[in-house]
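Colleague: Okay, handing you the structure first.
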Amino acid sequence: MADIRIARVGLHRFEEPCISGTRGSGTVFFSGCNLRCRFCQNYEISRDDKGIPVDGDTLLRLMQYLVDEGAHNINLVTPSNYTNVLIPVLERAKSLLKVPIVWNSSGYESVANLKKLEGYVDIYLPDFKYSDDDMAWRYSHAKGYRDVAAKAIGEMRRQQPADVFDDDGIMWRGVIVRHLVLPCGVENARGVSREIAAIDKSMYVSMMGQYFPTPAVADDPTLGRRLTEEEYDAAIDGFFEAGLTNGFSQSLDSATEEYVPDFDLGALESLIARLK
Ligand code: SF4
């Protein structure tokens with residue numbers, strides 16, 4: 001029986017430039033996220049566990065397909081719930097695929113879990129969502145998020161202490177930490193920058209301004225609106241004030257549903273059948 005559920009496989013062009021490159025990042029979206037944030041923009045799969053069960057052989061074929069399509073890397077999105085079953089797949093992928101493996105996670109995972117991935121993951125791409133634990137509880141029901149994420153990202157940095165890019169600016173090893181700035185979330189964002197700087201001031205940080213309210217939070221007094229330019233600018237100021245120097249920012253024009261992947265299970269099923 002398959003232990004893995006996935007909801008989308010495809011080239012994704014809207015990650016950071018060093019991840020998407022010119023040909024796209026080879027994303028595999030796993031069903032169910034261990035955080036289940038109220039405002040999640042991928043809510044269709046993160047909360048509803050919508051997806052198709054696959055075994056390791058099928059997953060490997062899909063990864064090979066992405067590489068054949070030109071993917072710069074294999075980008076495992078919200079994979080943490082599947083760590084144990086993914087290890088043997090990653091073991092086989094290591095000798096088969098000649099591109100980096102990206103672990104694109106919520107940041108809310110244990111050091112013990114991450115230690116299992118040592119030697120299999122080339123690039124860690126975690127979120128650091130909250131420095132404010134009350135916010136973490138209110139929006140994601142995550143206890144002690146700040147401490148858990150700080151320790152997790154510290155472990156990721158231990159495993160990948162250097163950020164390595166090729167001549168085309170594509171990342172091959174390293175860590176990029178993402179923070180989605182929330183409405184009324186400037187102090188939270190500033191705190192996140194300070195937490196990251198305390199781990200490593202040279203860490204790449206992607207300060208994301210693409211928040212938009214999904215139907216689940218459309219009526220929420222705080223989450224029911226987009227970010228303002230002033231809030232985003234203040235979050236960026238916090239990045240510099242914390243002593244961080246390496247990072248990515250966004251135009252707020254990208255705050256649109258257009259950038260949310262389409263989770264078309266019929267298309268995924270057809271692809272799986274075609275690759276058999
Ligand atoms: S961590 Fe990201 S993918 Fe997971 S529920 Fe929260 S916003 Fe969604």
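The values are calculated or read from the model by the stated rules, or taken from the named source; none is laboratory data. Because the structure is predicted, anything quoted here is derived from the model rather than measured. Glycine also receives a Cβ, built like all others from the backbone with ideal geometry; neighbour counts cover every protein chain displayed. Ligands, DNA and RNA are stripped out before the accessible areas are found, and what is left, the full protein with its side chains, is counted by its heavy atoms. Shrake-Rupley method; radii C 1.70, N 1.55, O 1.52, S 1.80 Å.
Colleague: Rolling a 1.4 Å sphere over the protein heavy atoms, what is the accessible area per residue of region 4-275, to the nearest Å²?
Modeller: On the way: 11430 Å² over 272 residues.
Heavy-atom SASA per residue in region 4-275 reads 42 Å².
Colleague: Let me ask something additional. Which lysines does Lys98 reach when only Cα atoms under 23 Å apart count, and residues fewer than 8 places away in its own chain are ignored?
Modeller: Cross-link targets: Lys115, Lys116, Lys276.
Colleague: Using 0.36 nm per residue, how much length does the chain from Ala218 to Leu275 gain when fully extended, once their Cα-Cα distance is taken away?
Modeller: Values: separation 57, 0.36 × 57 = 20.52 nm, distance 3.99 nm.
That pair, Ala218 and Leu275, stretches by 16.5 nm at full extension.
Colleague: Same structure, new question: In region 1-137, if every C-alpha pair distance is counted and binned at 10 Å from zero, what percent goes to each bin?
Modeller: 12, 44, 37, 7, 1
Colleague: Where in region 82-129 are there trypsin sites (Lys or Arg not before Pro) that are in a DSSP coil and have at most 10 other Cβ atoms within 10 angstrom of their Cβ? Walk me through the numbers on the way to the answer.
Modeller: Numbers: sites: Arg92, Lys94, Lys98, Lys115, Lys116, Lys129; in loops: Lys98, Lys116, Lys129.
Within region 82-129, the qualifying trypsin sites (Lys or Arg not before Pro) (loop, at most 10 other Cβ atoms within 10 Å) are Lys98.
Colleague: Just subtract the alpha-carbon distance of Ser202 and Cys184 from 0.36 nm times their residue separation and send over the number in nm, one decimal. Don't jump to the answer; show the numbers that get you there.
Modeller: Values: separation 18, 0.36 × 18 = 6.48 nm, distance 2.70 nm.
Extra length available between Ser202 and Cys184 comes to 3.8 nm.
Colleague: Which residue fluctuates most in the GNM of the chain (Cα springs below 10 Å): Asp168, Asp55, Asp127?
Modeller: Asp168
Colleague: With label points built 7 Å along Cα→Cβ from the Cα atoms of His141 and Lys98, find their separation and express it in nm.
Modeller: Going by the 7 Å Cα→Cβ label model, 4.7 nm.
Colleague: For the chain, take the longest principal axis of its alpha carbons; what is the angle in degrees between that and the long axis of helix 145-159, to the nearest 10 within 0 to 90?
Modeller: The angle comes out near 50 degrees.
Colleague: Leaving out ligands, DNA and RNA, and with a 1.4 Å probe, what % of the accessible surface on the chain is carbon or sulfur? Numbers along the way, then the final one.
Modeller: Working: 5790 of 11950 Å².
Using a 1.4 Å probe with all protein chains present, the chain comes out at 49 percent carbon and sulfur.
Colleague: A follow-up question, please. Just the Kirkwood number for the chain, please: inverse of mean 1/r across all distinct Cα pairs, in Å, one decimal. Present the calculation step by step, with values, prior to reporting the outcome.
Modeller: Details: mean 1/r = 0.0530 Å⁻¹.
With all distinct Cα pairs of the chain included, I get 18.9 Å.
Colleague: Can I ask one more? Quick one: what do you get for region 31-83 if you divide its Cα Rg by 2.2 N^0.38 Å? If you can, show how the numbers build up before the last one.
Modeller: Numbers: Rg = 12.8 Å, N = 53, 2.2 N^0.38 = 9.9 Å.
Computed over Cα atoms of region 31-83, the ratio equals 1.28.
Colleague: Taking the chain as a Gaussian network, Cα atoms linked when under 10 Å apart, which of Ser249, Ser80, Ser131 shows the biggest mean-square fluctuation?
Modeller: Ser249
Colleague: Let me ask something else. If the chain between Arg173 and Asp3 were fully stretched, how many nm would it gain, using 0.36 nm times the residue separation less the Cα-Cα distance?
Modeller: Details: separation 170, 0.36 × 170 = 61.20 nm, distance 2.82 nm.
Working it through step by step, the gained length comes to 58.4 nm.
Colleague: Along Cα→Cβ, 7 Å out, is where each label goes; now give me the distance between the ones at Ser251 and Asp237 in nm to one decimal.
Modeller: Label-label distance for Ser251 and Asp237, simple model: 2.4 nm.
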